[in-house]
1. Using mean Cβ contacts within 10 Å as the protection proxy, how do 286-297, 253-264, 315-326, 208-219 order, highest first?
2. Write down, largest first, the equivalent ellipsoid semi-axes of segment 90-144 in whole Å, where each equals the square root of 5 times an eigenvalue of the alpha-carbon gyration tensor.
3. Highest mean first, how do 350-360, 167-177 rank when packing is the count of other Cβ atoms within 10 Å averaged over residues?
4. Stretch SER277-ASP51 to full length: gain in nm at 0.36 nm per residue minus the Cα-Cα span?
5. Let a ≥ b ≥ c be the square roots of the eigenvalues of the Cα gyration tensor of segment 123-185; is it rounded (a/c under 1.5), or, if not, prolate (a/b larger than b/c) or oblate?
6. Could you give the nm distance between label points at ALA38 and ALA364, where each point is 7 Å from its Cα heading toward the beta carbon?
7. Rounded to whole Å and ordered largest first, report the semi-axes of the equivalent ellipsoid of segment 267-360 derived from its Cα gyration tensor (root of 5λ).
8. Once you treat every alpha carbon in segment 319-380 as an equal point and sum by Debye, what is log10 I(q)/I(0) at q = 0.12, 0.21 Å⁻¹?
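Readers should treat all values here as calculations from the given coordinates under stated rules, not as data from a laboratory. This one's a predicted model, so the numbers in the text were calculated from it and none came from an experiment. Virtual Cβ from ideal backbone geometry, glycine too; neighbours counted across all protein chains shown.
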Amino acid sequence: MTPPGTPPGTPPGDLERWRLILGAPAGGATGPLGGDAAARDRALDWLYGRDPDLARRGVRRGGGSAPGPAPGDGRADDRTGGDGASVLTTVDWLDDVHRLFPKETIERLERDAVERYEIHDIVTDPAVLERIEPDRALLRAVLRTKHLMNPEVLALARRIVDAVVRELMDKLKTEVRQAFHGTRSRRPSRIRNSRNFDFHGTVRANLAHYRPDERRLYIEKPRFVSRTRRHVEQWQMILLVDQSGSMLDSVIHSAVTAACLWGLPGLKTHLVAFDTSVVDLTSDVTDPAELLMKVQLGGGTDIARAVAYGAGLVDNPRRAIVAVISDFYEGGDPGRLVREVRRLVEQGTCVLGLAALDEAANPAFDREMGRRLAAAGAHVGAMTPGRLAEFVAERIGS
């Protein structure tokens with residue numbers, strides 16, 4: 001007997017894969033597992049056997065139909081089929097998955113262990129931290145659990161933070177360089193380059209060559225604009241970042257974005273984190289890994305207080321961009337938040353309300369508050385860090 005839909009004559013190797021996919025209940029149809037396949041099955045069961053949906057369906061860990069004991073991290077788990085009791089720690093499990101699975105599968109298993117099943121010793125046990133490969137899921141886990149770590153573990157966790165932040169920095173630096181590779185100015189240029197083509201200027205300069213009968217505009221004098229690396233007046237970029245747990249990805253990318261913008265000619269960057277209090281982290285912007293280790297996730301949210309603090313940093317209102325990165329669920333005074341944003345807009349400051357600043361740019365936020373802030377003059381939405389860099393470059397070059 002083979003699993004439903006399995007073609008006749010399926011090789012034994014394919015039956016093994018079906019067995020690993022379907023779990024122990026399929027063993028009667030696929031046959032028993034042996035060797036590395038059995039070890040893979042044990043590793044998968046150690047992790048995915050925790051799924052509460054299995055207990056609801058009456059599936060016991062390791063096979064059978066009666067509910068078994070709840071699985072736990074490193075605790076003994078009862079198995080059927082004569083395996084007997086076994087004890088598998090997180091370190092053992094990591095050793096197994098690194099030996100038994102390809103890299104892409106290892107990354108997925110480690111990510112599910114941290115994010116789906118919240119196996120915190122992945123990032124709080126020194127023996128585990130020494131083995132694990134840094135990735136973004138682990139960075140998020142470190143930032144969520146660093147308050148549980150002793151100094152020895154924190155030092156090892158810093159390796160994960162450093163590695164992932166360096167990867168993000170390398171990627172975003174390229175996007176920032178492209179965005180700031182000479183911003184467009186209003187001066188005409190003799191250099192004919194498609195990137196510098198002045199569409200509106202070209203239309204105005206060639207209106208005399210419009211032929212109504214053909215409905216065509218013939219271009220005899222194309223116009224181009226010059227680019228300049230120098231900015232006569234200083235601009236400010238003030239990032240106000242909600243450090244509540246739901247905004248973790250945006251916190252990470254805000255730190256990296258601020259580091260990449262830091263030191264650009266003509267731009268002064270500030271980074272401020274807030275919950276019910278406000279912490280100015282500008283002095284740590286050049287070391288985003290250290291900055292992230294100082295962020296305290298969770299707590300309430302007083303966005304209005306943060307916006308008021310940001311307004312106090314503005315030197316020249318018409319040369320300032322204030323980006324409020326939050327889900328806009330205001331725990332303070334919503335009316336005050338709207339008033340603070342309106343006051344900034346009325347004085348000529350560009351206000352961005354970003355419900356997400358990360359690579360996905362999928363916003364999840366209080367849409368009613370978003371509408372109120374948009375009505376007050378803020379630009380509300382979501383951006384990737386690269387798009388924010390482009391926005392800043394366009395703004396200071398206009």
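1. Highest-to-lowest ranking by the protection proxy: 253-264, 315-326, 286-297, 208-219.
2. Taking √(5λ) for each Cα gyration eigenvalue gives 16, 13, 9 Å.
3. 350-360, 167-177
4. Roughly 77.6 nm would be gained on extension.
5. prolate
6. 4.2 nm
7. Ellipsoid semi-axes (Å, largest first): 21, 18, 12.
8. -0.26, -0.79
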